[in-house]
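For reference, the structure is listed below as structure tokens.
The values are calculated or read from the model by the stated rules, or taken from the named source; none is laboratory data. As the structure is a computational prediction, the values presented were derived from the model and not from experiment. Every residue, glycine as well, gets a Cβ built from its backbone with ideal geometry; the counts of neighbours run over all protein chains shown.
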Amino acid sequence: MKNRLLIFTAVLAVIFAAVAVTILPDSIPVHFGIDGNADRIGSKYEVFLFTGIVIAITVMSILFRRRFEKVRDGGSDEKEVSHAAGNAKIFGIVCTAVNAVMVGIEVVFICIGYTGLQQISGTEGELYCSVMVILMGILFAVLGNIMPKMKMNGLMGLRTTWSMKNDEVWARSQRMAGTVTFFGGVAVILSGIILRGYPSLVAMMILFLVMFAVMMKGSHQIYIDWEKEQK
């Protein structure tokens, strides 16, 4: 069953949320301030927000994977068929990884809520931020390994004006972007471990902006180099 891991993460999200509403107090911390202390108390049912996101990603993944598979099964061009087959698999892996991260964040959210309102302190808020940052770093490290395998498509990968020029520029751009994303993910993980709470979130945002800028510049440079090679 090609979507079994993806569906498994969605089922886990539903189970965790269903169990959570039976054990959590009616009011739980749902947001933390810059000092790590809870600054908004909400309903325990807000845990289903994570479930909704995971289910939405699952449905989107299945629908778009079918889109790739239709091209694979009905395409007349051998290269197009091969690209669609590979991208269908990769898209499923990407969405499964995103779902896994969301489930991890959901578990941390539940655990912090379970400690009870009487025990909320900066420690819980810092933990929540740090775990989110570390999980996001792991996700980007995984994506960095996957990106070089993506074939040209209109849905995923580093899609810029330059990378979409031809297959060669695309392949070089994805290899460059994969390297940047992997090491950026490692840097995000380290920021979550070394920096606690909001500083780790700020560091993550800065790293994402740097990664984006480097990839855009890199894609442009790759295209310029390719053009020079053709002359």
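For the subset of segment 132-156 comprising residues that are in a loop (DSSP other than H, G, I, E, B) and touching a helix residue (DSSP H, G or I) at 6+ places or on another chain (Cβ under 8 Å), which member is surrounded by the most Cβ atoms within 10 Å (Cβ to Cβ)?
Only one residue tops the list, namely 150.
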Residue among 184, 192, 178 that alone is of a type in the set (Gly, Ala, Ser) and within 20 Å of residue 88 (Cβ to Cβ): 178
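One line per residue, one yes/no per condition, for (1) farther than 28 Å from residue 31 by Cβ; (2) assigned to a loop (DSSP other than H, G, I, E, B):
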{"residue": "158", "(1), (2)": "yes, yes"}
{"residue": "172", "(1), (2)": "yes, no"}
{"residue": "201", "(1), (2)": "no, no"}
{"residue": "223", "(1), (2)": "yes, no"}
Single residue of segment 19-55 satisfying the filter (modelled with pLDDT of 80 or more and polar (S, T, N, Q)) that is surrounded by the most Cβ atoms within 10 Å (Cβ to Cβ): 51
Qualifying residue in segment 80-101 (condition: out of contact with any Lys or Arg (no Cβ under 6 Å at 6 or more places or on another chain), in a helix (DSSP H, G or I), at pLDDT below 75 and not assigned by TED's automatic domain parsing to the domain that holds residue 174): yes
Yes/no for residue 211 being outside the structural domain of residue 96 (by TED's automatic domain parsing), of a type outside the set (Val, Ile, Thr) and part of a helix (DSSP H, G or I): yes
Residue within segment 208-228 that is out of contact with any strand residue (DSSP E or B) (no Cβ under 9 Å at 6 or more places or on another chain), of a type in the set (Asp, Glu) and either modelled with pLDDT of 90 or more or closer than 26 Å to residue 50 by Cβ (or both) present: yes
